[in-house]
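Each remark here refers to the structure printed beneath this line.
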Ligand SMILES: Cc1cc2nc3c(=O)[nH]c(=O)nc-3n(C[C@H](O)[C@H](O)[C@H](O)COP(=O)(O)OP(=O)(O)OC[C@H]3O[C@@H](n4cnc5c(N)ncnc54)[C@H](O)[C@@H]3O)c2cc1C
Ligand code: HEM
Ligand code: SF4
Ligand code: SF4
């Protein structure tokens, strides 16, 4: 239904790096990758769509978003911060409760069965 | 010379106290308002809730019943004298003399002396073990006598008499009710209703004797007393309680020459003034238009009127009272509305009688068939609210009024009241005088659960009879404000948590995906996923970090530890009952030291270790498990701790082994997941050192077994636990706890503690007792079996987690690196480490950072 479904819109560019095997991310969960000193939260949806955003939750100051629960709000995929439960849209990085806050998004791809991120 | 106005209130009962509250509401600083208020109370304690007096038998204490907020009578300008009885009034001097001889002057006098139980003039009525039912002292005396008696008789089959009969029944006595009239509750109920009520009550084991006039009480042959009736039949019994009506305490007024009503009582006008305009009379001692009111609501009404009049307001007047009543007598619904006996000329009535289910309903309508005049409901009083409002507000009747009381037949909606038709002025809660308008205001101000409505309007907090109607009005008001009244969990599931629980059980659903596919839509969210996880765990108790369950778990369950503000975790091993060996303590100390964890003894009587990074958790737990510990579930919406005092093993007051029981209970219910966390407490005697009455489940040892309290809470909104059952042996105790917990799990909302669940439970404590103790829903065995399933499937989650390499791999900060999160920084304080503040993190270089061991 939504053409953007498969593409994260990266807000930063950089070099591509392989991160982990797809199997290391359980479906419907996230992991955190350390890429060029950045903490990046990578999420694997039920249908194997991948999203990558900052792991840092600016509302709590903790690096925790990869451990948040993922799901959707009105069809838009989101992660809920485990600390104070703010929601961030996975496609845009925008905070649902506070539209002025937006996280960096990163390009993420599946090559063979390995997850690659550009950061 | 005294420029203050001296107000003297005689009687510190329900109405007298309410009057003083009204004064204080108008003038919080009485002294500044130049008021000098003195209150005389003959009883040894300040005002208490007589309406709920009977709950004294089910464990309420005098403090629980108190109506007086601590410190209320300490304010300047207000004095309360207890054990102080007024003996005469001098209306010319404006003074009142007390039995101790002292004299008090007044400018305005308020008589709120209530009434006394009427004891018929039977020879032998003042023998030992003959009681009345009015004060806490009466009940204390009855309780003492009850322990030595086998049987008891209540004289009087009215409202109070039946309530008293229930108390005797609960004491385990063979109970009789002796009534002078030809039927029970003659005042409220008609002939046919009385019949149904009688057979209901007899089926509960109470012997009912109507048309019996007692002529004498003499020594018995098989029991202490023999009651002899006018027809020379007799009945033997160990104790007797007279509850044959009440008489107003108007003696002060009579002796000082005030006008007295035709049937007694201090005659008052519409402003609650007696024939002397400096003297008001309010409550049960007053007679308005020759009528006296044996209920508290009209008394409150008089108190408000008198107070307003005292300050020169003449707009509000006392206009009589609606004597409609609804109560549950011995588990039987009894209600009467308005003209229950159909005394209005030309009126017609409709009856419905179901002899199988023992239900009787009657409505009385006006001659023109347009308005409802009265009603009687026995056995089931669901329509009470509707009928009462229809009668009170003279609302138009539907075309076929008989459908109001007929059972709804399939597919046909019962003609309801349509709460929208009610005027804003309609009083929904007559005990606390809460109108429909007030409920509307509360909703507009944000209240959207019956618990919140109760808290801010007090509606439904006295007798509770109005709760269904108040709920209806609340929902209608919410709809008006465009608030969602659906109880859908979230946008993904059009069901409440209770409904989902039911679906999961009935369809044996074991995964979220299946639940979502069959009953939901979208991907789910952080509301429905943890709720489903909790429901699945309550039902099946599978390992929560299984691949298809892990992704549902909330922050804390996700890594089996409480996530702290900086993203580090705490580690809490279980110490059942707070018991731990020295070796256990040493092991914890060594592990905490090795991983540089901050340690603290918690309010839950165990040791928490803070500051573990996610990748350290499996190693820490591996060592704890090796030392004999298991998960404390401090992270779960599940059983936390069973706090205990040291009990009879060590304590010189202890009557039973509270620690032993606590350990047993904690081991039984550990790992049980619920809508919210559950805390237990067990005390070894009534000194209650474990504070069990502040817990969801509290147990206190008595000489005869264990008393079980439920639904207490500490925290933000403390709530005293209520006595559910007493003197249980261990086996029954566990059975009751099984049922209670599973019933809570089954019916509570998400994140609803037992205390709020209980506040929102329609039917309240009585209903809970019916379900848990009397198994009224026929669920007992099922609930016990479900609990046994959870108990049998317990596993130590941490043990499973560290021994499964797949699961263990999840515990790391980074999927592609073994380093830790450099945002987790600790500094030292009081010889331990704590998380650095953001400020300290910025100055990182200039202050000593504690080294971290991996
Ligand atoms: C067991 C029971 C159950 C009830 N259930 C209900 C119910 O469900 N619903 C309902 O509406 N009502 C119920 N009632 C009735 C209700 O309790 C009374 O209507 C209410 O208490 C009346 O308040 P009052 O202040 O007029 O009288 P009281 O509460 O009796 O207070 C009068 C006080 O004045 C004191 N006093 C009297 N004379 C003097 C004096 N000379 N000097 C100093 N002090 C004096 C008395 O000791 C007493 O403390 C029940 C009553 C009982 C006993
Ligand atoms: C998300 C916030 C909270 C966390 C992470 C948390 C965590 C804990 C932990 C770990 C314990 C120790 C118990 C144990 O040893 O297992 C505890 C105990 C306790 N907590 Fe909380 N808690 C939270 C919120 C609250 C709130 C809001 C209240 C009050 C309303 C509360 C009241 C208590 C009390 C009274 C105890 C002591 C229990 C006892 O005496 O039995 N907690 N809490
Ligand atoms: S509750 Fe009783 S048994 Fe327990 S410690 Fe206190 S006094 Fe002792
Ligand atoms: S009282 Fe407040 S600050 Fe203290 S532990 Fe509980 S939630 Fe945290």
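Values in this text are rule-based calculations from the coordinates and carry no lab data. Every value quoted in this text rests on a predicted model; they were computed, and no experiment measured them. Counting neighbours? That spans all protein chains shown, and the Cβs are built from the backbone with ideal geometry, glycine included.
What ranking do B:151, B:87, B:449 get, fewest neighbouring Cβ atoms within 10 angstrom at the top? Write down the numbers at each step before the final one.
On the way: B:151 20, B:87 13, B:449 16.
Sorted ascending by nearby Cβ count, the order is B:87, B:449, B:151.
Normalise the Cα radius of gyration of the stretch B:1-117 by 2.2 N^0.38 Å (N = residues in it) and let me know the number.
On the way: Rg = 14.9 Å, N = 117, 2.2 N^0.38 = 13.4 Å.
The stretch B:1-117 yields a ratio of 1.11.
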Point to revise | Neighbour-count order for A:85, B:735, fewest beta carbons within 10 angstrom listed first | key: A:85, B:735
Check your understanding: Which value at 222 nm does the protein assembly as shown reach when only helices count, each DSSP H run of 4 or more adding -39,500 (n - 2.57), with the total divided by all residues and rounded to the nearest 500 deg cm²/dmol?
Key -> -7500 deg cm²/dmol
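What fraction, in whole percent, of alpha-carbon pairs in the stretch B:282-403 exceed 18 Å separation? Write out the running numbers ahead of the final one.
On the way: 4401 of 7381 pairs.
It works out to 60 percent of all Cα pairs.
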**Study point:** Projected-area average for chain B over all orientations - Cα convex hull basis, square nanometres
**Key:** 44.6 nm²
Revision key, fill the gap. So residue B:717 and residue B:767, fully extended at 0.36 nm per residue minus their Cα-Cα distance, gain in nm 15.7 nm
**Study point:** Alpha carbon convex hull of the stretch B:661-730, projected area averaged over orientations, nm²
**Key:** 4.8 nm²
Check your understanding: Measuring from the lowest to the highest alpha carbon on each principal axis, how far does the protein assembly as shown reach, largest first, in angstroms?
Key -> 102, 69, 68
Check your understanding: With the calculation restricted to Cα positions, what are the radius of gyration and Dmax of the stretch B:497-550 in angstrom?
Key -> 10.0, 26
Check your understanding: Using the Kirkwood radius built from alpha carbon pairs, what does the Stokes-Einstein equation give as D for the stretch B:731-793 at 20 °C and 1.002 mPa s, in µm² per second?
Key -> 179 µm²/s
Review point. When the C-alpha atoms of the stretch B:459-551 are aligned to their principal axes, what extent does each axis show, in angstrom, from largest down?
Key: 48, 29, 21
**Study point:** Gyration tensor (Cα) of the stretch B:38-189, equivalent ellipsoid semi-axes in angstrom
**Key:** 34, 20, 15
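So, R0 is 30 Å and r is the distance between the beta-carbons of residue B:778 and residue B:727; what FRET efficiency does that work out to, to 0.05?
Numbers: r = 25 Å, r/R0 = 0.83.
For residue B:778 and residue B:727, the calculated efficiency is 0.75.
Find the eigenvalues of the gyration tensor of the Cα atoms of the stretch B:60-129, then list the square roots of 5 times those eigenvalues as equivalent ellipsoid semi-axes, largest first, in whole angstrom. Numbers along the way, then the final one.
Numbers: eigenvalues 168, 109, 24 Å².
Value: 29, 23, 11 Å, ordered largest first.
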Review point. So, in nm, how far is label residue B:215 from label residue B:502 when the simple model puts each one 7 Å beyond its Cα toward the Cβ?
Key: 6.0 nm
Check your understanding: Among B:288, B:621, what is the fewest-to-most ranking by other Cβ atoms within 10 Å?
Key -> B:288, B:621
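Using the Kirkwood radius built from alpha carbon pairs, what does the Stokes-Einstein equation give as D for the stretch B:331-409 at 20 °C and 1.002 mPa s, in µm² per second? Could the numbers behind the result be given before it?
Working: Rh = 12.4 Å.
It diffuses with D of about 172 µm²/s by this estimate.
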Review point. Going out from 0 in 10 Å bins, what whole percent of all Cα-Cα distances in the stretch B:726-842 drops into each bin?
Key: 10, 23, 19, 17, 20, 11, 0
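Would you mind estimating how fast the stretch B:526-609 diffuses translationally, via Stokes-Einstein at 25 °C and 0.890 mPa s with the Kirkwood radius over Cα pairs, in µm²/s? Please list the in-between numbers first.
On the way: Rh = 14.7 Å.
Here the translational diffusion coefficient equals 167 µm²/s.
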Practice item. Could you work out how far helix B:467-480 tilts from the main Cα principal axis of chain B, as a 0 to 90 degree angle to the nearest 10? Key: 60 degrees
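Considering every Cα-Cα pair within chain A, what fraction, in whole percent, is farther apart than 18 Å?
Beyond 18 Å sits 44 percent of the P(r) for chain A.
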Check your understanding: Taking the alpha-carbon set of the stretch B:130-244, what are its Rg and Dmax in Å?
Key -> 13.4, 38
Review point. What is the spin-label model distance, in nm, from residue B:116 to residue B:203 if the labels are put 7 Å beyond Cα along the C-beta direction?
Key: 4.1 nm
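Taking 8 Å as the Cα distance limit and 6 or more residues as the minimum spacing, I'd like the relative contact order of chain B as a percentage.
After rounding, I find 7 percent.
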Exercise for review: Compute the long axis of helix B:582-594 from its Cα atoms, compare it with the longest principal axis of the Cα atoms of chain B, and write down the angle in degrees, 0 to 90, nearest 10.
Suggested key: 60 degrees
Practice item. Give me the number: length gained by fully extending residue B:93 to residue B:514, i.e. 0.36 nm times residue separation minus the C-alpha to C-alpha distance, one decimal in nm. Key: 143.1 nm
Exercise for review: Report the percentage of all Cα-Cα pairs in the stretch B:110-174 whose separation exceeds 21 Å, rounded to a whole percent.
Suggested key: 25 percent
**Study point:** Per-q log10 I(q)/I(0), the stretch B:639-788, q = 0.10, 0.12, 0.17, 0.18 Å⁻¹ (Debye; single scatterer per alpha-carbon; no solvent)
**Key:** -0.30, -0.44, -0.91, -1.02
Point to revise | Inter-label distance, nm, simple model (7 Å from Cα along the C-beta direction), residue B:247/residue A:98 | key: 7.3 nm
Revision key, fill the gap. So the angle from the long Cα axis of helix B:780-792 to the longest Cα principal axis of chain B, reported in degrees to the nearest 10, equals 20 degrees
Revision key, fill the gap. Both in Å, the radius of gyration and Dmax of the C-alpha trace of the stretch B:693-764 are 12.3, 38
Practice item. Only residues of the stretch B:723-743 count here: report those whose backbone N is under 18 Å from the spot 7 Å along Cα→Cβ of residue B:788, or say none. Key: B:730-743
